[in-house]
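Below is one structure; the comments refer to it alone.
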Amino acid sequence: MAHQVTTFYHFTRLDCLAEKQSRWQGLCDRLGLKGTILLAEEGVNATIAGESEAIEEIVKTIAADLGITSLPQRHSWAETTPFQRLKVKIKPEIVSLGLPQVTPEKQVGTYVSPQQWNELLQDPDVVVIDTRNDYEVAIGTFQGAINPRTKRFRQFPDYVKNNLDQQKNKKVAMFCTGGIRCEKASAYLLAEGFSEVYHLQGGILHYLETVSPAESLWQGECFVFDQRVAVQEGLKVGSHALCDGCGYPLSVGERHCPQCGLTVAVSNEL
């Protein structure tokens, strides 16, 4: 039986984090869910797997605790559960930029639907930036997108200051896996004086889910932070696996890890 994998996030000011952590953890354990829920004063970010009814119950509970009626979600499926356990973690940030003054709940860039994204990609006046980390970009990205070559998201502000300050009057479009990094990245750019900032609504996952392969401008596969390693069009499980030595994503049959140099034989059985 296929396991439903659901991702969601929401930026909002939260308090009583320990109480929420304990209650959500208990409910998830009772429902048999697996995955990770990150909880911080700025909001919640989650990827969970399990039965559809169980996921629906925890999502409704979390939405109520956030004071909203519903949470936008992305759904995909895996033949085996992509997580070993469920953990609700309290963090300083639900996505780590290291700039607490950047508040996406107050301002973010303009959302662009997957159906409109291709037009933006082909606009010569738009600078398109992949806000993910270098190892994620290596296995797939959009045609013509800039790779900022960051090792972690906290390096993104340095990339902006060193490479984009002269382009504040240009259109900047960004994308990431599920949209959360772009929420913060777009809020940061607006705070820095950029006038036209766009980001892909729902991220790469929403694009791969809704845009047909014939119309897609995506190249390669999309790295995900679970045991599936990567997904492709239609959110089907991709062909990558993790290096046993360092965890770098490798394609099937790749013999030498470019990250640690280990000689390996890779197969992905998910």
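Laboratory data are not the source of any read-out in this text; all were calculated from the coordinates shown. This structure is a prediction, so every number in the text was calculated from the model and none was measured. All Cβ positions, glycine included, derive from the backbone under ideal geometry; neighbour counts span all protein chains shown.
So the values come out like this:
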read-out	value
Fewest-first sequence of His75, His206, His3 by Cβ atoms within 10 Å of each Cβ	His75, His3, His206
Phi to ³J(HN,Hα) by Karplus 6.51 cos²θ - 1.76 cosθ + 1.60 over the stretch 16-22, Hz, x for Gly, Pro	6, 5, 4, 5, 5, 4, 5
Residue-wise HN-Hα coupling along the stretch 132-145, computed from phi with Karplus coefficients 6.51, -1.76, 1.60 (Hz; x: Gly, Pro)	7, 6, 4, 5, 6, 4, 4, 9, x, 6, 7, 4, x, 6
Per-pair calculated FRET efficiency, R0 = 35 Å: Asp158 and Leu71 via Cβ, rounded to 0.05	0.60
Relative intensity, log₁₀ I(q)/I(0), of the chain from a Debye sum that treats every alpha carbon as a point, q = 0.09, 0.14, 0.15, 0.16 Å⁻¹	-0.42, -1.05, -1.20, -1.34
Sparsely packed trypsin sites (Lys or Arg not before Pro) within the stretch 68-136, loop by DSSP, other Cβ within 10 Å at most 16	Arg85, Lys106
Two-site label geometry, Lys60 and Lys106: point separation in nm, points 7 Å out along Cα→Cβ	3.6 nm
Given charges at beta-carbon only (K, R positive; D, E negative), |dipole| of the chain in Debye	620 debye
222 nm mean residue ellipticity, helices alone, for the chain (DSSP H n ≥ 4; -39,500 (n - 2.57); rounded to 500)	-7500 deg cm²/dmol
Dipole in debye (nearest 20) - the stretch 110-209, about Cα centre, beta carbon charges: Lys, Arg +1; Asp, Glu -1	380 debye
Distance in nm between pseudo-label sites at Leu99 and Glu192 (7 Å out along the Cβ direction from Cα)	0.6 nm
Within the stretch 107-170, chymotrypsin sites (Phe, Trp or Tyr not before Pro) in DSSP loop having at most 14 other beta-carbon neighbours inside 10 Å	none
Relative contact order, percent, the chain [alpha-carbon distance under 8 Å, six or more residues apart]	16 percent
Percent of Cα-Cα distances greater than 23 Å, calculated over the stretch 3-90	13 percent
GluC sites (Glu not before Pro) within the stretch 89-157: DSSP coil, no more than 15 neighbouring Cβ in 10 Å	Glu105
Phi to ³J(HN,Hα) by Karplus 6.51 cos²θ - 1.76 cosθ + 1.60 over the stretch 72-85, Hz, x for Gly, Pro	x, 10, 10, 10, 8, 9, 9, 5, 10, 5, x, 9, 9, 7
Separation of the Leu262 and Asn169 label points, Cα + 7 Å toward Cβ, nm	5.1 nm
Net charge of Cβ neighbours under 13 Å - reference Thr36; Lys, Arg +1; Asp, Glu -1	+4
Proxy reagent accessibility, fewest Cβ within 10 Å first, across Val224, Val108	Val108, Val224
Count of lysine pairs in the chain with Cα separation under 21 Å (8 or more residues apart, or interchain)	27
Whole-number Å³ per residue for the convex hull built on Cα positions in the stretch 110-209	86 Å³
